[in-house]
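The values are calculated or read from the model by the stated rules, or taken from the named source; none is laboratory data. Every value quoted in this text rests on a predicted model; they were computed, and no experiment measured them. FYI the Cβ positions are ideal-geometry reconstructions off the backbone, even for glycines, and counts take in every protein chain you see.
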């Protein structure tokens, strides 16, 4: 037993002499994001634009999707690489309840002064109330169905995010989510480091 204590003590002493490989203690390691989720642009022709009550044009190319996104980010390498989890809840193009859940990597693509552009990717689950209950809806089979819901799982979901530093540790944040092959969505909000 004495031998084991000696080995443990020596290992502790040796390990405490090496600098930690983690981030510097002065660097903030977390961020939270709150965004207004709002505008979608369809990439291809919309089958039933009449189903979109919040469309901004007759063809349903641009649609308001009122809702929000909350996200938590943990930096794993300096302030350049992080893991982010996001939850979005909103009224979709047909003004039905919808949402997404995302977990993925984020990295800084470009940074200069107060400006930065980040990119990220990772698995994303998108879900909405089943549109098949709507009279004029034609199901194209893109979403899977379960109960009163439609859903789609993407291994490759991601986003681009522009951040402008308003003050120390607080940024104006604008994201663009390419929901390919259907649409592109935009959200605006605040990103706070802590």
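Within region 172-181, which residues are assigned to a strand (DSSP E or B) and either in contact with a helix residue (DSSP H, G or I) (Cβ under 8 Å, 6 or more places away or on another chain) or touching a residue at least 40 places away in the same chain (Cβ under 8 Å) (or both)?
Across region 172-181, the qualifying residues are 173, 175, 179.
Looking at region 158-170, is at least one residue part of a strand (DSSP E or B), without any contact (Cβ under 8 Å) to a residue 40 or more places away in the chain and crowded, with 20+ Cβ neighbours inside 10 Å?
Checking region 158-170: not a single residue is part of a strand (DSSP E or B), without any contact (Cβ under 8 Å) to a residue 40 or more places away in the chain and crowded, with 20+ Cβ neighbours inside 10 Å.
In region 122-138, is there at least one residue being under 21 Å from residue 29 (Cβ atoms) and at pLDDT 95 or above?
Within region 122-138, one or more residues are under 21 Å from residue 29 (Cβ atoms) and at pLDDT 95 or above.
Which one is nearest to the chain's Cα centre (by Cα) among residues in region 117-141 that are over 15 Å from residue 49 (Cβ atoms) and touching a residue at least 40 places away in the same chain (Cβ under 8 Å)?
120
Can you find, within region 67-91, the residue that is nearest to residue 123 (Cα to Cα) among those that are at pLDDT below 95 and touching a strand residue (DSSP E or B) at 6+ places or on another chain (Cβ under 8 Å)?
80
Have a look at 117, 177 and point out the one that is surrounded by 13 or more Cβ atoms within 10 Å (Cβ to Cβ) and more than 30 Å from residue 59 (Cα to Cα).
117
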